[in-house]
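Some notes on the structure that comes next.
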Amino acid sequence: MTDTNPTVNSAGYEVPPELRQNVAITTLDKIWNMGRRYSVWPMMFGLACCAIEMICTAASRYDLARFGMEVMRPSPRQSDLMIVSGTVTKKMIPQIVRLYNQMPEPKYVLAMGACASGGGPFKEGYNVVSGVDQYVPVDVYVPGCPPTPQALLHGLMKLQEKIDSESITQVRWYGKEDIPAIPVPLLGPDLIDPRDNELIKQETSKKPAAPAAAPAAPAPAAEAAS
Amino acid sequence: MTEATTAAPVEKSELEKRFPDAVKADARPGYAGFLVDTSKLIEVATALRDEMGYDYLSSVTAVDYYSDAPNAENFIEVVYHFYKSTGGGALELKVQTPRENSTVPSLTPLYAGADFQEREAYDLYGVNFEGHPDQRRILMWEGFAGYPMRKDWKEAYFEEEVKPFKNRWPEGQVYRIEDRNPFNKNNAYPQGFDPTGFKETDDPKLYEVLERAAREYSEDIDTEQVVVNLGPQHPSTHGVFRMAVRLDGETIVALKPVMGYLHRNHEKIGERNTWTMNMPFTDRLDYLSSMSNNFGYALAVEKLMGDKAAPPERAEYIRVIMAELTRISNHLWAIGFLLNDLGAFFTPALYAIVERELILDIFEATTGSRMMCNYFRFGGVARDLPEGVLEKIKSLVTERLPRKIDELDIYLSENELVRSRSEGIGVITPEEAIAFSTAGPVLRASGVPYDVRRADPYSIYDRFKFDVTVRQHGDVYDRYMIRIDEMRQSLQILNQALKDLPGGEIMNGKNPYQVRVPAGESYGRVEGPKGELGFYIVSNGKGNPARYHVRAPSFINLTVLEKMCVGQKVADVVVNLGSIDIVLGEVDR
């Protein structure tokens, strides 16, 4: 730890030059964040094409280890960062939410690629969720289809910046309130988000104005337009 | 135009003569093959398999002929493509069934490889296969409302039948489709559905089937069995794949693959897209080998378009060069990750990835993208090789790659641990390999020298000298070795192609914004790195495919997984799966 490290030793106190090899004065936030930003453990969790680029990022040429992030953990219990690398489908989203709930705080989510960010080229598909952020909170979005390893590295550095900006006094996981788990969606006639239950009931009990219009115009669109 | 017309005409008449009442040639313009009476299908298929040598059922799929015009003749057609495992063209059978209560006899008892494909047709089209041993939904889940691939089924985000959508630029305005959905999500529910207290039905049904399968496996001692789910989040499943396994101690008693976690509706979207728009979507099927996918799709469409889309010489050579480079990069990856599954965590994979990166550099220089190349066009390729790339390919092919493949071979093939973990594991006999419609390295490792490049040559593969690799034991070790052999053969093809690469045009005519594809059907297939990759397309002469089906080798190769694993230890499941080399984008599509 030397004074050339920008993340510590900038608390506004001057350390005499002869002591700089041994002494650093910093704030708790800074030292706490420095520890966290250089040891983010991503979850070994690949969904689709982007996972291949994620693996390439971890491999020798792009070498994620330079950022202290090479320890990919298959278990959510040991990981800090969920890289959602690929298309999120309705069949998979219950598992993703479950995995997210199982991750211990502090936890971050990085949406890698167009599909995870908003559905991407497959958005209109009947089994595709338009973006993982409809179910879990996302910290960083990385565009691309798939993003190159460089882009993913940039996204990870942005995450580090976000970690730097956090303060131990304000983060949610040291707060008094419990952090509620995200309700796990169910696979019914279509994907059911338990948070929408009331709305679903309300919409499906409407008198069949929708089916009459169904062949020509899409039912939901017609309703929204009215 | 289609392959069936080039198939031996003797058998054609033979089949019709043999079943004069049940079989008649498909006379619709642009179509080939035979229409078979539903009640006689089993009989005809048995004769095909046992007497005429069509022992390999390549593809089963359904097509929905639907129009909401009054008096339209609406029906669902199930299409079968048969091949001989000794080579040659296709024999195509079709069975028509009404859209209500569609029922077709299942071919699974005759051709075990029909299993998953029939389940897929049931899942997406609602065709009942009578006599299917395990007819459940495969890509969607039990309880999903409707059969999504039917033409009159509309998804929640439905805008228009075909692209390009009218509301987009230049006339229209772009809007967010979720804003027009009451839930702000890609969801729609049937009338009167009440979500309170809803229970899922998919998993209970799966466990029921698993228990039934376990009963067939009898042991002398009655022990307690455990169900273990490997996946969908599991480091060894190469993506989001799940295996429900029933264990007796360490021994696998029953195994059912569960897929669809990456089912992103290629085929439904593909029928909405224009012909050209589908090209980048094929990249995302088997995302490790996008060039091969492009190749298959381009071939299928070019077959329908005829001479006006025949690629010029230079384009043909570039296509072969790219496809073979793709094969090498795919096999490098497959070997690296098979070793991962064997327990050599990431070190062999790192060595393999380094070489793959060099090939990706070539792709990036040529096409602009590392993985999703979107390089082929109907009648050629999108861009010529840029300056310097040819030299790079040459030095890679003649100097670096042969040495590196030898290096992998030396360090891995004779390794005691690799051999003891993989020899004699997951053995598939040649008969089983053919019956289960396995393709590519899995088929050839079982002693069946079947390679589409040789058995039914496409593009300019008949000009090159190469061996069809084959190994005799059908175990994991042979499935690993066959990939090393194949990389060497690919290098041989590359050397010849690079030597003969002519100059000249790379496109037949101008690269059009829209292509016109005459009405008809075609089945184009290539030998992809994973096996036979086929595209079955039906055109009705409009700007969009009426049917766009992908015969995905990874998906069909998985049919044999249960056979490979039952009776073995749980640790070998992972290795068996790794040796099939699946890519989930292609399995689930």
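When we screen B:296, B:231 for residues that are at positive phi and not assigned by TED's automatic domain parsing to the domain that holds residue B:125, the only hit is B:231.
The rows are residues; the columns are (1) free of Cβ contacts under 8 Å to residues at least 60 places away in the same chain; (2) facing another protein chain (nearest Cβ under 7 Å).
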{"residue": "A:64", "(1), (2)": "no, no"}
{"residue": "A:84", "(1), (2)": "yes, no"}
{"residue": "A:91", "(1), (2)": "no, yes"}
{"residue": "A:94", "(1), (2)": "no, no"}
{"residue": "A:106", "(1), (2)": "no, no"}
{"residue": "A:133", "(1), (2)": "yes, no"}
{"residue": "A:142", "(1), (2)": "yes, no"}
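Criterion first (part of a loop (DSSP other than H, G, I, E, B), out of contact with any Lys or Arg (no Cβ under 8 Å at 6 or more places or on another chain) and under 24 Å from residue B:587 (Cα atoms)) does residue B:182 satisfy it? No. For the criterion of being among the charged types (D, E, K, R) and either at the interface with chain A (Cβ under 9 Å from one of its Cβ atoms) or touching a residue at least 60 places away in the same chain (Cβ under 8 Å) (or both), residue B:84 fails.
When residues in region B:124-154 are screened for being among the hydroxyl-bearing types (Ser, Thr, Tyr) and assigned to a helix (DSSP H, G or I), 1 of them pass.
If you take the residues of region B:311-366 that are among the hydroxyl-bearing types (Ser, Thr, Tyr) and touching a residue at least 60 places away in the same chain (Cβ under 8 Å), which of them is farthest from residue B:494 (Cα to Cα)?
B:326
Take the conditions buried (at least 24 other Cβ atoms within 10 Å of the Cβ) and farther than 24 Å from residue B:553 by Cα and apply them to residue B:380. Does it pass? In short, yes.
Considering B:180, B:215, the condition of being of a type in the set (Lys, Arg), without any contact (Cβ under 8 Å) to a residue 24 or more places away in the chain and touching a helix residue (DSSP H, G or I) at 6+ places or on another chain (Cβ under 6 Å) is satisfied by B:180 alone. Listed by first and then second residue, the pairs linking a residue in region B:1-29 that is over 25 Å from residue B:307 (Cβ atoms) and in the same structural domain as residue B:40 (by TED's automatic domain parsing) to a residue that is polar (S, T, N, Q) and modelled with pLDDT of 80 or more, with Cβ atoms under 8 Å apart and 6 or more places separating them unless they lie on different chains, are B:22/B:39. State all residues of region B:188-207 that are more than 7 Å from chain A (Cβ to nearest Cβ) and part of a helix (DSSP H, G or I); if no residue qualifies, say none. Result: B:203, B:204, B:205, B:206, B:207.
Is one or more of the residues making up region B:122-145 touching a residue at least 40 places away in the same chain (Cβ under 8 Å) and of a type in the set (Lys, Arg)? Yes: region B:122-145 contains one or more residues that are touching a residue at least 40 places away in the same chain (Cβ under 8 Å) and of a type in the set (Lys, Arg). Against the condition over 23 Å from residue A:187 (Cα atoms) and in contact (Cβ under 8 Å) with a residue 40 or more places away in the chain, how does residue B:251 come out, does it pass? Against the criterion (over 23 Å from residue A:187 (Cα atoms) and in contact (Cβ under 8 Å) with a residue 40 or more places away in the chain), residue B:251 qualifies.
State whether one or more residues within region B:177-184 are on the phi < 0 side of the Ramachandran plot, in contact with a Ser or Thr (Cβ under 9 Å, 6 or more places away or on another chain) and outside the structural domain of residue B:545 (by TED's automatic domain parsing). Scanning region B:177-184 turns up at least one residue that is on the phi < 0 side of the Ramachandran plot, in contact with a Ser or Thr (Cβ under 9 Å, 6 or more places away or on another chain) and outside the structural domain of residue B:545 (by TED's automatic domain parsing). Taking (1) surrounded by 15 or more Cβ atoms within 10 Å (Cβ to Cβ); (2) over 27 Å from residue B:66 (Cα atoms); (3) charged (D, E, K, R); (4) within 29 Å of the chain's Cα centre (by Cα) in turn, residue B:178 satisfies each apart from (4). Screening region A:42-161 for helices (runs of 4 or more DSSP H) wholly inside it with 3 or more residues that are of a type in the set (A, V, I, L, M, F, W, C) and surrounded by 22 or more Cβ atoms within 10 Å (Cβ to Cβ) returns the ranges A:49-58, A:113-118.
The values are calculated or read from the model by the stated rules, or taken from the named source; none is laboratory data. Please read these numbers as outputs of a predicted model, since none were measured by experiment. Note that we place each Cβ from the backbone using ideal geometry, even for glycine, and neighbour counts take in every protein chain shown.
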